[in-house]
1. I need to check one value: relative contact order of the chain, counting alpha carbon pairs closer than 8 Å and at least 6 residues apart, in percent.
2. Restricting to DSSP H runs of at least four residues, report the calculated mean residue ellipticity at 222 nm for the chain, -39500 (n - 2.57) per run over all residues, nearest 500 deg cm²/dmol.
3. Using θ = phi - 60° and the Karplus form 6.51 cos²θ - 1.76 cosθ + 1.60, what ³J(HN,Hα) does each residue of the stretch 29-40 get, whole Hz, x for Gly and Pro?
4. By how many nm would the segment from TYR56 to GLN8 lengthen if fully extended, with 0.36 nm per residue of separation less the alpha-carbon distance?
5. What whole-number value in Å² describes the accessible area per residue of the chain for a 1.4 Å probe?
Amino acid sequence: MQSQPPDQAAASMAAYVAQLRGQEGQVSSPEAQADIENLASALENATRPEAASSVYGAIGKLNSAC
């Protein structure tokens with residue numbers, strides 16, 4: 001997405017976030033659903049490089065749950 005123009009990158013990110021949210025319903029664990037939602041929200045709100053820690057934190061939590 002880095003190499004895409006900003007409008008295309010935003011559309012790609014929105015599609016990925018929508019895909020994540022669609023996968024929430026496919027897991028049975030409420031904790032896993034919450035972890036997926038946390039990642040989706042972190043990505044959705046990551047508009048500046050400073051938000052990377054939120055994204056990494058959400059990925060780490062999701063990874064440790066698996």
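The values are calculated or read from the model by the stated rules, or taken from the named source; none is laboratory data. On a predicted model such as this, the values are computed, not experimentally measured, just so you know. Accessible surface areas use protein heavy atoms only, side chains included; no ligands, DNA or RNA. Shrake-Rupley method; radii C 1.70, N 1.55, O 1.52, S 1.80 Å.
1. On the way: 43 pairs, mean separation 17.2, N = 66.
About 26 percent, as a whole number.
2. Details: 3 runs with 49 residues, N = 66.
Taken over the chain, the calculation gives -24500 deg cm²/dmol.
3. For the stretch 29-40, the Karplus curve yields 7, x, 5, 5, 4, 5, 5, 5, 5, 4, 5, 4 Hz.
4. Numbers: separation 48, 0.36 × 48 = 17.28 nm, distance 2.29 nm.
Gain in length upon complete extension: 15.0 nm.
5. On the way: 4620 Å² over 66 residues.
In whole numbers, the chain has 70 Å² accessible per residue.
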